[in-house]
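Step one of this worksheet: look at the structure below.
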Amino acid sequence: MADDIARHRAEIDALDEKIVALLNERAERAAAIGKLKANGGAYRPEREAEVLRRVVAANRGPL
């Protein structure tokens with residue numbers, strides 16, 4: 001049992017590293033868009049709502 005727990009924890013650690021890398025990549029791309037839109041205001045509530053709807057619809061897991 002301890003070996004199984006250790007294996008699962010190692011897999012979770014690896015997933016966490018991938019999640020952090022993907023979140024950082026997303027943040028970099030969002031920052032690049034913000035720079036391109038520097039004069040027009042980067043925040044668009046309708047885009048935020050669209051992204052959230054898409055993410056919620058794509059979620060098929062326990063979250």
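The values are calculated or read from the model by the stated rules, or taken from the named source; none is laboratory data. Because the structure is predicted, anything quoted here is derived from the model rather than measured. Quick reminder, even Gly has a Cβ in these numbers, built from the backbone with ideal geometry, and neighbours come from all protein chains shown.
I'm trying to understand the selection: among the residues of the range 1-11, which are modelled with pLDDT of 95 or more, exposed (fewer than 10 other Cβ atoms within 10 Å of the Cβ) and not charged (D, E, K, R)?
The answer is I5, and nothing else.
Output the residue which, of all residues in the range 30-43 that are closer than 18 Å to V55 by Cβ and surrounded by 10 or more Cβ atoms within 10 Å (Cβ to Cβ), is nearest to the chain's Cα centre (by Cα).
Just the residues of the range 30-43 that are closer than 18 Å to V55 by Cβ, to begin with: 30, 33, 43.
With surrounded by 10 or more Cβ atoms within 10 Å (Cβ to Cβ) added as a condition, the list becomes 30, 33.
On the way: A30: 11, I33: 16 Å.
So, considering only residues that are closer than 18 Å to V55 by Cβ and surrounded by 10 or more Cβ atoms within 10 Å (Cβ to Cβ), the one nearest to the chain's Cα centre (by Cα) is A30.
Would you mind telling me which numbered condition in (1) in a helix (DSSP H, G or I); (2) at pLDDT below 95 R53 fails?
Unmet for R53, out of (1) in a helix (DSSP H, G or I); (2) at pLDDT below 95: (2).
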